[in-house]
Amino acid sequence: MKTARKYLAIALAFLLSVLSVPANANESAVPTRLVRDEVVIDDDPEGGYEGDYVVIYNPGDSAFLSTGTLADKIIHSVNTYTPANCCEPELPGITECCATDSFVTEEDREFFEKGLLNAEPARTDYPVGSTKTWIMGNHNPDGNGADIEFKVLYIGEHCRIWTPVDGGPNDNYYPLDEIDGSYAELIAASFDLKYDLMTSRFGNFSDLNGDGKVNLLFHKIKDNSIAGYFSGSDLTKNKLPAVHIDTWKNFLASGAPGMGFVYTVTEHEFQHLISYSNTGGMIPWLDESLANAAEAICSSKRIASRIYEWTGYYYEGGNMPEAEYNQYSSQHNGKSIVYWQTENQCYALGMLFAQFLYTRSGSVDIYKTLIENYNTSGDSSGAKFVASKLGLSAYEMWTEFIKCVTVNSPSAGYGFAVPDYYDPAENNGVEDPFSRLCPVVYTGRSAKTISSYGGFITVKPVGGVYVPPSDASASLKYFGIKIVFPEPDGDADGNGTVEAADALLILRYYMSLLDNGVNVEACDVNGDGKVDAIDALIVLRKAMGIT
């Protein structure tokens with residue numbers, strides 16, 4: 001026994017001595033993974049719905065349904081974490097309020113349906129320095145509908161960069177060349193680089209003047225919450241394919257994100273142009289989901305940033321167990337993305353739906369398929385059309401999607417596949433961006449209205465069982481989620497073997513020398529609810545064969 005203690009003391013001293021050695025840089029790039037042996041879904045109403053979480057949802061088209069009184073049914077506080085910017089750390093200050101939109105009027109739709117887009121050839125000779133007066137409508141910076149004279153700053157292979165000739169009557173148009181003379185060329189180069197990728201994944205645009213170029217207009221947009229927009233009126237009235245990018249929001253406002261976000265906004269709006277060119281205007285929630293898919297295909301870090309928007313937190317330590325709902329987010333309060341224009345937009349949930357489309361279909365071809373086959377006649381929400389392309393009913397589609405968002409366990413059959421275009425190098429080495437997705441828990445007390453076509457909330461039931469209150473709408477659906485974790489065995493690096501290196505990892509984690517690369521769920525071997533040096537000692541004894 002004395003000999004065993006001697007060797008144990010020597011080994012522990014060795015482990016403590018290496019604490020002074022900095023953690024390897026590659027270790028911190030490995031994400032902490034949430035390991036789940038099993039996820040149990042309880043959708044049987046008998047005896048209530050059991051689970052760590054219960055989802056209350058409305059997957060049908062039967063109006064807006066009430067949860068009934070929740071006061072004594074659910075837990076009203078969860079573990080909280082320090083909130084951070086709801087986007088990747090290198091782009092501070094950008095949250096979901098930085099919207100990008102598509103505006104299509106009934107007049108635009110009629111123009112498209114009559115096949116008039118190509119009826120009147122547009123002027124083609126717009127060299128650098130030439131000007132054109134653009135019909136702006138209500139998105140004029142002054143909101144007065146006045147037209148603006150633009151000039152061409154730069155011409156790329158697939159785009160033409162425009163900006164106002166001057167600062168406007170109130171000096172608030174903010175021309176791009178007055179902000180930085182080099183930006184036009186940089187933006188054109190980025191657009192040209194992603195052009196083939198966009199058209200191959202989504203389709204071609206209405207090239208009215210036949211020069212193969214999209215016109216990118218940079219100016220101040222009336223609405224301060226909008227970073228960019230597409231308007232069908234540019235095709236019908238200005239006779240040129242165009243998208244608009246806000247110079248104030250993207251370059252000058254406090255916390256402006258810089259060039260990276262400008263590229264994302266441009267790609268998002270280009271998808272709207274492609275979508276309109278082929279369909280005459282999609283249902284907004286689907287159009288925005290596809291635009292979010294475009295963001296991800298062109299820059300895969302947008303998946304992670306939208307996930308941070310959804311959870312409301314940026315969690316440095318890897319996977320966040322759960323997050324508390326944001327009372328200002330309508331989607332956290334039971335609203336559906338289908339009601340895009342009436343219940344506030346949710347770009348984060350739109351991104352997740354785009355990734356669900358990829359996961360369920362198995363290919364990015366689903367996006368182009370939806371555009372080429374778009375037909376929602378007799379389908380007010382568009383859900384039946386989308387579901388049919390996945391081989392599902394609308395009910396099945398919403399149910400599967402909600403389970404993926406809340407359960408997030410691909411091994412259990414409810415989760416998201418990492419797209420083949422995803423690049424960990426764009427995401428600080430994170431191999432799976434969905435490892436950052438966690439349940440967003442509703443903690444309010446009052447009854448909530450759950451929107452049809454996929455509205456839902458996630459709650460933590462008191463006592464682990466949820467029995468719907470008597471005043472709940474009978475048409476609501478429920479399922480409980482019980483997450484079964486493996487018994488902690490000390491395999492901190494997840495290689496299948498418990499060894500001294502695992503004890504060292506646990507010590508490093510305990511001493512805050514690294515926060516990634518550790519399978520935390522396997523480390524609390526003494527079951528006291530924390531990972532510390534005692535766990536490291538126990539794991540070391542186990543590795544040495546000392547019981």
Check the range 411-426 and report whether any residue there is under 20 Å from Ala348 (Cβ atoms) and touching a strand residue (DSSP E or B) at 6+ places or on another chain (Cβ under 7 Å).
-> yes
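Scan the range 184-193 and tell me whether some residue there is β-branched (Val, Ile, Thr), under 29 Å from Leu290 (Cβ atoms) and open to solvent by 70 Å² or more (accessible area, probe 1.4 Å).
Checking the range 184-193: not a single residue is β-branched (Val, Ile, Thr), under 29 Å from Leu290 (Cβ atoms) and open to solvent by 70 Å² or more (accessible area, probe 1.4 Å).
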Pair list, Cβ under 8 Å, 6 or more apart: the range 534-547 residue touching a residue at least 12 places away in the same chain (Cβ under 8 Å), other residue hydroxyl-bearing (Ser, Thr, Tyr) and not in a helix (DSSP H, G or I) = Arg541/Thr547
Only one residue in Gly382, Gly312, Gly334 is open to solvent by less than 30 Å² (accessible area, probe 1.4 Å), on the phi > 0 side of the Ramachandran plot and either in contact with a Gly (Cβ under 6 Å, 6 or more places away or on another chain) or hydrophobic (A, V, I, L, M, F, W, C) (or both), so which one is that?
-> Gly334
Do we find that Glu487 is of a type in the set (Asp, Glu) and crowded, with 17+ Cβ neighbours inside 10 Å in this structure?
-> no
For the range 386-402, indicate whether the set of residues that are in contact (Cβ under 8 Å) with a residue 60 or more places away in the chain, in contact with a strand residue (DSSP E or B) (Cβ under 7 Å, 6 or more places away or on another chain) and crowded, with 18+ Cβ neighbours inside 10 Å is non-empty.
-> yes
Filtered residue count, the range 464-477, keeping only those that are open to solvent by less than 20 Å² (accessible area, probe 1.4 Å), within 30 Å of the chain's Cα centre (by Cα) and closer than 24 Å to Asp61 by Cβ | 1
For residues in the range 51-65 being surrounded by fewer than 19 Cβ atoms within 10 Å (Cβ to Cβ) and touching a strand residue (DSSP E or B) at 6+ places or on another chain (Cβ under 6 Å), which is modelled with the lowest pLDDT?
-> Phe64
Check Lys482 against each of (1) touching a residue at least 40 places away in the same chain (Cβ under 8 Å); (2) outside any loop (DSSP other than H, G, I, E, B); (3) open to solvent by less than 40 Å² (accessible area, probe 1.4 Å) and name the one condition it does not meet.
-> (3)
Can you confirm whether the range 309-324 contains a residue that is modelled with pLDDT of 90 or more and in a loop (DSSP other than H, G, I, E, B)?
-> no
Do we have Asn144 as part of a loop (DSSP other than H, G, I, E, B), of a type outside the set (Ser, Thr, Tyr) and either modelled with pLDDT under 60 or buried (at least 16 other Cβ atoms within 10 Å of the Cβ) (or both) here?
-> no
Tally of residues being under 15 Å from Lys335 (Cβ atoms) and either in contact with an Asp or Glu (Cβ under 7 Å, 6 or more places away or on another chain) or part of a helix (DSSP H, G or I) (or both) across the range 399-456 | 6
Being crowded, with 24+ Cβ neighbours inside 10 Å, of a type in the set (A, V, I, L, M) and either at pLDDT below 90 or in contact with a Ser or Thr (Cβ under 7 Å, 6 or more places away or on another chain) (or both), is that true of even one residue in the range 254-272?
-> yes
Filtering the range 158-178 for residues that are open to solvent by 10 Å² or more (accessible area, probe 1.4 Å), touching a residue at least 24 places away in the same chain (Cβ under 8 Å) and either assigned to a helix (DSSP H, G or I) or touching a Gly at 6+ places or on another chain (Cβ under 8 Å) (or both) leaves a count of 4
Note: among Ile297, Ile221, just one is β-branched (Val, Ile, Thr) and open to solvent by 10 Å² or more (accessible area, probe 1.4 Å), namely Ile297
Out of the residues in the range 511-533 that are without any contact (Cβ under 8 Å) to a residue 40 or more places away in the chain and under 24 Å from Glu431 (Cβ atoms), state the one that is surrounded by the most Cβ atoms within 10 Å (Cβ to Cβ).
-> Cys523
Within the range 66-101, of all residues that are part of a strand (DSSP E or B) and open to solvent by less than 30 Å² (accessible area, probe 1.4 Å), the one modelled with the highest pLDDT is Ile74
Scanning the range 179-221 residue by residue, those among the small types (Gly, Ala, Ser) and part of a helix (DSSP H, G or I) turn out to be Ala184, Ala188, Ala189, Ser190, Ser200
Residues that are touching a Gly at 6+ places or on another chain (Cβ under 9 Å) and either within 15 Å of Ser329 (Cβ to Cβ) or part of a loop (DSSP other than H, G, I, E, B) (or both), drawn from the range 461-475 = Val467, Pro468, Pro469, Ser470, Asp471, Ala472, Ser473, Ser475
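The values are calculated or read from the model by the stated rules, or taken from the named source; none is laboratory data. Predicted model only: the values in this text are computed from it and were never measured. Don't worry about glycine lacking a Cβ; one is built from the backbone with ideal geometry, like all the others, and counts go over all protein chains shown. Heavy atoms of the whole protein, side chains included, go into the accessibility calculation; ligands, DNA and RNA do not. Shrake-Rupley method; radii C 1.70, N 1.55, O 1.52, S 1.80 Å.
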